[in-house]
Amino acid sequence: IGSASTIESECEAEEITAALNRFLGKLKKNDRMIFVCKYYYSTPIEEIAKKLGVKESYVSLHLFRVREKLRKYLVKEKLI
């Protein structure tokens, strides 16, 4: 028999996953690619910049902006 905390944490994880997927679906393709490469695949900024043919500062700035958008989105969704 599973504990209530395990069921609770699984439900929370599902809610956060669904919210993250909705958020990523609303991003511009380039921002989504940068975010997923960095935070899902753990790709270094240098490598992302090289793949996209942009400067590292461009990637860093877009990561900063997307993190801010994500924070605001999660607050709006009452997940943080």
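The values are calculated or read from the model by the stated rules, or taken from the named source; none is laboratory data. Note that the coordinates shown come from a computational prediction; the quantities given were computed from them, not determined experimentally. Methodologically, a virtual Cβ is constructed for each residue, glycine included, from the backbone with ideal geometry; neighbour enumeration extends over all protein chains shown. Calculation scope for accessible area: heavy atoms of the full protein, side chains included, ligands and nucleic acids excluded. Shrake-Rupley method; radii C 1.70, N 1.55, O 1.52, S 1.80 Å.
Working note: Karplus 6.51/-1.76/1.60 with θ = phi - 60° gives segment 28-34 the couplings 5, 3, 4, 5, 5, 4, 4 Hz, where Gly and Pro are set to x.
Dipole magnitude for the chain: computed about the Cα centre from +1 point charges on Lys and Arg Cβ and -1 point charges on Asp and Glu Cβ, it is near 660 debye.
Expressed in nm to one decimal, what extension gain is obtained for the pair Ile7 and Arg65 from 0.36 nm per residue of sequence separation less their Cα-Cα distance?
Numbers: separation 58, 0.36 × 58 = 20.88 nm, distance 3.33 nm.
Result for the pair: 17.5 nm of gain on full extension.
Site pair Tyr41 and Leu74 shows an inter-label distance of 2.3 nm when each label is modelled 7 Å from Cα along Cα→Cβ.
Once every Cα of the chain carries one equal point scatterer and solvent is ignored, give the base-10 log of I(q)/I(0) from the Debye formula at q = 0.24, 0.25, 0.26 Å⁻¹, two decimals. Results for the chain at q = 0.24, 0.25, 0.26 Å⁻¹ read -1.10, -1.15, -1.20. Ligands, DNA and RNA left out, the 1.4 Å accessible surface of the chain is 57% carbon and sulfur atoms. If you count Lys pairs in the chain whose Cα atoms are under 20 Å apart, skipping same-chain pairs closer than 8 places in sequence, the total is 24.
Along the chain, the exposed loop sites are trypsin sites (Lys or Arg not before Pro) outside DSSP states H, G, I, E and B with at most 15 other Cβ atoms within 10 Å, and the longest stretch free of them is 1-27.
Got the relative contact order for the chain handy, in percent, Cα pairs under 8 Å and 6 or more residues apart?
On the way: 32 pairs, mean separation 21.5, N = 80.
Relative contact order for the chain comes out at 27 percent.
Hydrodynamic analysis of segment 39-80 uses the Kirkwood radius over alpha carbon pairs. Inserted into Stokes-Einstein at 20 °C and 1.002 mPa s, it gives a translational diffusion coefficient of 188 µm²/s. Around the amide H of Thr43, modelled in the peptide plane, lie the amide H atoms of Lys38, all under 5 Å away and 5 or more residues distant in sequence or on another chain.
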